[in-house]
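Have a look at the structure below, then the notes.
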């Protein structure tokens, strides 16, 4: 038996609106038994207290339990990314795989997933988290049947963060934490997770990473890591998207790395590699082949964008991650012709400083 991947992009009217997914299940477009992951873009601030992510996770989990056992529902990776600033459209991306008797005719999209053990609070943002994630990425690659790291195009991770309660629990046991700043803990967790991806994919040697370089030395980065931290979990949910000749179906995947928030040309090049003309903004015919666009966004730490000053890091009212999400979504929307795009803010070690990785999933060209 071979495996076939299905990806469904479904609009949402609110963090608890699972009606579109259930309609797809009723219509037979989605087989709930095959769902391995759901990525969500939910409205919210995307910060420590963004409980819209937890609300969405709970709503999806309850919905899944109407179609599968509680254990099977728990195994589904629910990666919720808060913040749909600007014109970004709230939506779900449902990843499904099924066994089939079809004969493989060439590389197709392959999907693997895993969940790590619970991360000790004292390990967050440190080498122990790097190692845990690296091991998890290798497990997700094995789940997808991908042996060569070069065949991995995107690794999506949902990682934990610190709250004052969690910090207190660690300190009560005599442990120290990497930071007592809960907002900073989000960046540290994303950073360590991204470096774990880089180690697993052979982009960085593990012995070059020390605790003091995590969320500090931005010359170290992965071109395929996308990490989002949240209050709604204590482990890591890891989804690997790659290409395999052992999988079948019309879906293909490629990736690009933006060097800054307006660097759309590498994304255009990835589209062309997947058979799009991509001459200007995608027209309706080409747009219908684009199944999903996944991206990271980051405000560069030097406060400049191509030599000009930006104020994303100077705004004391709105987190820079919120500015960056809206900015990058707008740039990519201008390229692909819609804003139902998964843009996750905070790209520490995920692409070069100020830039970020992008994944393109599309139907194979005729």
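Observations, loosely collected:
- Some residue of the stretch 157-168 being touching a helix residue (DSSP H, G or I) at 6+ places or on another chain (Cβ under 7 Å), surrounded by fewer than 21 Cβ atoms within 10 Å (Cβ to Cβ), in contact (Cβ under 8 Å) with a residue 24 or more places away in the chain and in a helix (DSSP H, G or I): yes
- Residue within the stretch 320-337 that is under 19 Å from the mean Cα position of the chain (by Cα) and assigned to a loop (DSSP other than H, G, I, E, B) present: no
- Candidate set from the stretch 98-126 (those that are in a strand (DSSP E or B) and over 18 Å from the mean Cα position of the chain (by Cα)); member that is farthest from residue 241 (Cα to Cα): 100
- The requirement of being without any contact (Cβ under 8 Å) to a residue 24 or more places away in the chain, under 20 Å from residue 87 (Cβ atoms) and loosely packed, with under 14 Cβ neighbours inside 10 Å is not satisfied by residue 279.
- Residue check, residue 292 assigned to a helix (DSSP H, G or I), touching a residue at least 40 places away in the same chain (Cβ under 8 Å), over 15 Å from residue 331 (Cα atoms) and in contact with a strand residue (DSSP E or B) (Cβ under 9 Å, 6 or more places away or on another chain): no
- Residues of the stretch 44-69 that are in contact with a helix residue (DSSP H, G or I) (Cβ under 9 Å, 6 or more places away or on another chain) and at pLDDT 95 or above: 60, 61, 62, 63, 64, 65, 66, 67, 68.
- Leading residue by the ranking (farthest from residue 266 (Cα to Cα)) among those in the stretch 312-334 that are in contact with a helix residue (DSSP H, G or I) (Cβ under 8 Å, 6 or more places away or on another chain) and surrounded by fewer than 19 Cβ atoms within 10 Å (Cβ to Cβ): 315
- Flag for residue 242 being part of a loop (DSSP other than H, G, I, E, B), under 18 Å from the mean Cα position of the chain (by Cα) and surrounded by 15 or more Cβ atoms within 10 Å (Cβ to Cβ): no
The values are calculated or read from the model by the stated rules, or taken from the named source; none is laboratory data. Quick caveat: nothing in here was measured; it's all calculated off a predicted structure. With ideal geometry, Cβ positions are generated from the backbone for all residues, glycine too; neighbour counts draw on all protein chains shown.
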